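The values are calculated or read from the model by the stated rules, or taken from the named source; none is laboratory data. Predicted model only: the values in this text are computed from it and were never measured. Heads up, the Cβs are rebuilt from the backbone with ideal geometry, glycines too, and the neighbour counts pull from every protein chain shown.
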Amino acid sequence: MTSETDTEKSAETWFQEGLSAGKSGDPRTCLESYKKAIEINPDHFLAHFNLAIRYGKLPMNIEAARHFREALRLKPESPMVHYSLAIVCNLIGETDNAEHHYKEAIRINPEFAKAHSNLAMLHYSVKRGKETIHHLLKAVEMFEKTGDEFMADNAKSILKDCYKEFNLTAEECQTL
């Protein structure tokens, strides 16, 4: 039986090796394996997505954004890709893109609690009170629905401060 050489491995084999390397704590091999998967198959969605996550952890957020964008090209209706790209866009100062991708994640999955929460914080950073409170209210509702009491309580605490700071009520912020 002969062993596969690097050039004979499929994109999926390289991707699986990347997963294994990541699980075993070998980030260099993990990155290289995902890159090789993409060299063989530039449309390997999970290789782009996982490579972006790895770059984000380094942090190499420009590279992470590039691969999240490739993943988005391949699966434009993935709420998780929009959400992940939004996080990275926010980190690299692309606030408008971050807002757009949080909104897209929510459009695709209206019950995406973390997207509502992060979008609320983005709105808070530019002092958009009504939008901040609106999305925090949605986040609380979704966190409670999924049983994430810690996140729900955290959002409720922030809401109390926002009501005072922006002189708004929950009722005033139910709709945008």
Exercise for the section: Determine whether Phe143 is of a type in the set (Phe, Trp, Tyr), in contact (Cβ under 8 Å) with a residue 12 or more places away in the chain, crowded, with 20+ Cβ neighbours inside 10 Å and under 28 Å from Lys35 (Cβ atoms). Expected result: no
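Please go through the range 53-65 and give me each residue that is part of a helix (DSSP H, G or I) and surrounded by fewer than 16 Cβ atoms within 10 Å (Cβ to Cβ), ordered by number.
The initial filter retains those residues of the range 53-65 that are part of a helix (DSSP H, G or I), namely 53-57, 61-65.
Matches in the range 53-65: Lys57, Ile62.
Among the candidates Tyr83, Tyr124, Tyr102, single out the residue that is in contact with a helix residue (DSSP H, G or I) (Cβ under 9 Å, 6 or more places away or on another chain), crowded, with 22+ Cβ neighbours inside 10 Å and outside the structural domain of Phe45 (by TED's automatic domain parsing). If you could, list the steps in order and put the result at the bottom.
Numbers: Tyr83 fails: outside the structural domain of Phe45 (by TED's automatic domain parsing); Tyr124 fails: crowded, with 22+ Cβ neighbours inside 10 Å.
Only one candidate qualifies: Tyr102.
Looking at the range 125-139, is at least one residue among the aliphatic types (A, V, I, L, M) and not in a helix (DSSP H, G or I)? Before the answer, list the steps.
Within the range 125-139, the subset among the aliphatic types (A, V, I, L, M) is 126, 133, 136-137, 139.
Subsequent filtering for residues that are not in a helix (DSSP H, G or I) retains 126.
Checking the range 125-139: at least one residue is among the aliphatic types (A, V, I, L, M) and not in a helix (DSSP H, G or I).
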Fill in the blank from the handout: The condition from (1) surrounded by fewer than 22 Cβ atoms within 10 Å (Cβ to Cβ); (2) under 30 Å from Thr132 (Cα atoms) that Ala71 misses is numbered (1)
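Here are some residues: His82, His101, His48, His44. Which one is modelled with pLDDT of 95 or more, over 30 Å from His134 (Cα atoms) and touching a His at 6+ places or on another chain (Cβ under 7 Å)? Full working, then the answer.
On the way: His82 fails: over 30 Å from His134 (Cα atoms); His101 fails: over 30 Å from His134 (Cα atoms); His44 fails: touching a His at 6+ places or on another chain (Cβ under 7 Å).
Residue meeting the stated conditions: His48.
When you go through Lys57, Lys23 one by one, which is the residue that is modelled with pLDDT of 95 or more and of a type outside the set (A, V, I, L, M)?
Details: Lys57 fails: modelled with pLDDT of 95 or more.
Unique residue meeting the criteria: Lys23.
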Exercise for the section: Evaluate the range 104-121: report whether one residue or more is touching a residue at least 12 places away in the same chain (Cβ under 8 Å), over 23 Å from Ala152 (Cβ atoms) and over 12 Å from the mean Cα position of the chain (by Cα). Expected result: no
Completion exercise
Given (1) assigned to a loop (DSSP other than H, G, I, E, B); (2) surrounded by 16 or more Cβ atoms within 10 Å (Cβ to Cβ); (3) of a type in the set (D, E, K, R), Glu77 misses just (2)
